[in-house]
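The values are calculated or read from the model by the stated rules, or taken from the named source; none is laboratory data. Since we're looking at a predicted model, the values are computed, not measured. Positions of Cβ are generated from backbone atoms using ideal geometry, with glycine treated the same way; all protein chains shown enter the neighbour counts. SASA here: full protein model, heavy atoms, side chains in, ligands and nucleic acids out. Shrake-Rupley method; radii C 1.70, N 1.55, O 1.52, S 1.80 Å.
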Amino acid sequence: EMIPLLLRRCWSITSLIVVALLLLLLVVVVVVDDFSSSPRRLQEQQQTSDAAAALIKDEYHALAQHLCPLEDETTTSSTPSSSYPLLPYHACNPNATLDVIPFFGGMTNGLKFIILGSLTSFQHNKCFIITEQNSHLHPGFANHSNTGILSPQTGFNSRYFETIGLPHDDPLVVNAVASGRYKIRKWEEYWYDGWSRKMKFLKFNSEKLGYKDIDGHSLKRNYLHRLWRLKPEVRDQTCRTLRDDKMKVPLDGTFFTAYSVRRGDKNGGDMRTNLLPPMELYINVTQVVLKAKNIPVDQITIFVATDDCTVLKELRDLRPSWNFVSACQDSEIEGSNKGFHLTDVSQWTAAQRDEHFIKFFVELYALALAPLFGKFWCVLQVLFSCGSHKHVYV
């Protein structure tokens, strides 16, 4: 019993040291930059900053128009843009073994492996479906009614998204499953090396999908828009919420940043998840990063995507001059909140599911539109993406 305890303590101390060194490095960069700045260099920096801001604003409008098209509030189907054409799900070998890609864990975890799995299926010219067999997010999980591979029009994905892969009632799918000509893929197949994970430093090609010499991150970023398509009514509700005056998210291209604060079942007791950072760390790193990028820090807008709305009060108390906004209700901010627990979903009503996931979609859209996105995983990992929207990946 002593060894695991010592390991946890050592891990915690090491984690804090790593974070301290990271913050020190950022401060040193800023200080050195300040001492080495001449008036001419400052002018050049301002010109570069203005040009970058203009580019960000243009790309912001393009992305905002793709996610929430202003002239398309009452559509009955999603219209693909030229940048994100529909995926050719039926352009596969009908005689090959059908790939069955499981949707497991939480939504973003499930989506990650759907991305990697479906890209692999396209690479091998194989037809594929997404299964919610025994998935926690399927409405039938509570009474164990989602034990079958096929669940046409009754699952989580079919409620909120346009069909990913072949429809479950497609004759090709029905025949393949009935004859046993299918294979349930395992997540390890898409995670064992850089190629399967589509890592940034590697280049990928796919004539079928229209990709040539594209790096792994750019591939997944573009592919995500083509794969993950909210149903029109869900998208419209998400966009209406984003545009609501109560949200106060600057959707006109004005700079804002965003936090992703995950608690709930990530706030556990093991070495990996008991190191959730305090809100002071978000604030401190934000100040360092904004200063390094010559962005004023006195009055900024920060969208907070979180499953624990009580963090809003903490953040506002820490920086009263900053404008923290979110999709949280006032009662959630002032009340008590244990955050999201995957095991709770099976007990929710349909209305509770819709309320939770619409809020989640609003948060994902806001994170995607924020030029600066901050996320801390435990205390070890700090991710800040600043600059053009093509560098924001949600």
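Brief remarks on what is shown
- Candidate set from the stretch 196-212 (those that are of a type in the set (D, E, K, R) and touching a residue at least 12 places away in the same chain (Cβ under 8 Å)); member that is least open to solvent (accessible area, probe 1.4 Å): Lys198
- Every pair of residues 6+ apart whose Cβ atoms lie under 8 Å, when the first sits in the stretch 108-135 and is without any contact (Cβ under 8 Å) to a residue 60 or more places away in the chain and under 17 Å from Asp193 (Cβ atoms) while the second is open to solvent by 10 Å² or more (accessible area, probe 1.4 Å) and not in a helix (DSSP H, G or I): His124/Ala96
- Taking the criterion of being in a loop (DSSP other than H, G, I, E, B), farther than 17 Å from Ser260 by Cβ, more than 20 Å from the chain's Cα centre (by Cα) and not basic (Lys, Arg), the residues of the stretch 323-360 that qualify are Gln329, Gly335, Ser336, Trp348, Thr349.
- Unique residue being free of Cβ contacts under 8 Å to residues at least 60 places away in the same chain, under 24 Å from His66 (Cα atoms) and surrounded by fewer than 17 Cβ atoms within 10 Å (Cβ to Cβ) when the list is Asp169, Asp215, Asp193: Asp215
- The set of residues in the stretch 236-287 being outside any strand (DSSP E or B), open to solvent by 20 Å² or more (accessible area, probe 1.4 Å), modelled with pLDDT of 85 or more and within 30 Å of Ile130 (Cβ to Cβ) consists of Gln237, Arg240, Thr241.
- Note on the stretch 114-129: residues that are in contact with a helix residue (DSSP H, G or I) (Cβ under 6 Å, 6 or more places away or on another chain) and not in a helix (DSSP H, G or I) amount to 2.
- Against the numbered list (1) within 22 Å of the chain's Cα centre (by Cα); (2) modelled with pLDDT of 90 or more, Asn175 comes up short only at (1).
- Test result for Gly374, in a strand (DSSP E or B) and either at pLDDT 50 or above or open to solvent by 10 Å² or more (accessible area, probe 1.4 Å) (or both): yes
- Candidate set from the stretch 288-318 (those that are in contact with a Cys (Cβ under 8 Å, 6 or more places away or on another chain) and assigned to a helix (DSSP H, G or I)); member that is farthest from Asp344 (Cα to Cα): Val289
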